[in-house]
Amino acid sequence: MEFKNLSRSLSLAFMTAYLFGCGGSSGSDDGTEYTVTVASEPVYYGLGIQFTPPITGHGTTQSGQEIFTTSIEGFEHEFGTSYELRVLEKNVDTEGVADGSSISIELVEVISSQSDSVGTSYVYSEVELSGNPFTDKEEGVYSFYQYEFLCAENADCDALVAIADSGGLVEVEFEYTGGEIPVTLVRWN
């Protein structure tokens with residue numbers, strides 16, 4: 001008799017585990033997977049706004065929040081490279097979270113990536129020189145917000161960094177050069 005009860009209990013436990021493991025649950029805790037396309041060129045939105053490439057295909061979360069590449073956990077965008085990503089959107093516990101966001105977006109898979117052609121130009125007009133958008137990272141390496149860049153011989157990047165919090169406006173032009181740091185500042189004025 002005890003063997004039958006034990007056998008039934010074990011069968012019930014295995015069936016329950018199988019159903020939950022195979023999607024037998026409601027799925028609300030598992031999240032939603034979808035595919036997004038990330039552009040190769042970041043967009044400059046202005047002072048205090050994220051400098052990030054546009055996301056298409058599913059550019060907002062289910063709750064209507066706009067997705068930025070920096071909000072995709074486990075993903076780092078490289079300037080000059082476009083991507084197709086599979087991401088997972090989940091509801092998370094917001095207790096103790098500074099921004100109060102109840103959505104988590106995680107990278108599941110980089111489906112594909114495509115670098116721009118060497119020589120592709122990226123021009124940003126009316127870049128506000130407030131909050132130090134241009135910084136000196138290390139010898140010969142600079143950054144425009146979160147993106148590192150190299151400096152062309154005829155562009156004085158040290159002078160640009162020196163006025164980076166002056167309150168003026170500049171136009172900058174980058175060029176895709178490939179390599180470990182894929183973009184180079186070719187001119188600014």
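The values are calculated or read from the model by the stated rules, or taken from the named source; none is laboratory data. Nothing here was measured: the structure is a model prediction, and the numbers come from that model. Counting neighbours? That spans all protein chains shown, and the Cβs are built from the backbone with ideal geometry, glycine included. In case anyone asks, the SASA skips ligands and DNA or RNA and just uses the protein heavy atoms, side chains included. Shrake-Rupley method; radii C 1.70, N 1.55, O 1.52, S 1.80 Å.
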Exercise for review: Would you please give the FRET efficiency between Asp158 and Thr70, computed as 1/(1 + (r/R0)^6) with r the Cβ-Cβ distance and R0 = 30 Å, to the nearest 0.05?
Suggested key: 0.65
Review point. What distance in nm separates the simple spin-label points at Ser130 and Ser115, each placed 7 Å from Cα in the Cβ direction?
Key: 3.7 nm
Exercise for review: Report, by chain and number, residues whose modeled amide H sits under 5 Å from the one on Ser130, excluding near sequence neighbours (fewer than 5 apart, same chain).
Suggested key: Gly167
Point to revise | Cα-based shape type of region 99-189, given that a ≥ b ≥ c are square roots of the gyration tensor eigenvalues and the cut on a/c is 1.5 | key: oblate
Review point. Residue by residue, what Karplus-based ³J(HN,Hα) values in Hz, rounded to whole numbers, does region 72-87 have, using 6.51, -1.76 and 1.60 with θ = phi - 60° and x for Gly and Pro?
Key: 8, 4, x, 10, 10, 6, 9, 3, x, 10, 9, 9, 10, 10, 9, 10
Exercise for review: For region 106-181, run through the GluC sites (Glu not before Pro) and keep only the ones in DSSP coil with at most 14 other Cβ atoms within 10 Å of their Cβ.
Suggested key: Glu139, Glu153, Glu180
Point to revise | In nm, spacing of pseudo-spin labels at Ser102 and Tyr34 (7 Å Cα→C-beta vector) | key: 1.8 nm
Review point. Ignoring ligands, DNA and RNA, what accessible area per residue does region 89-189 give at 1.4 Å, in Å²?
Key: 55 Å²
Check your understanding: Using Cα pairs under 8 angstrom and six or more residues apart, how large is the relative contact order of region 106-189, in percent?
Key -> 35 percent
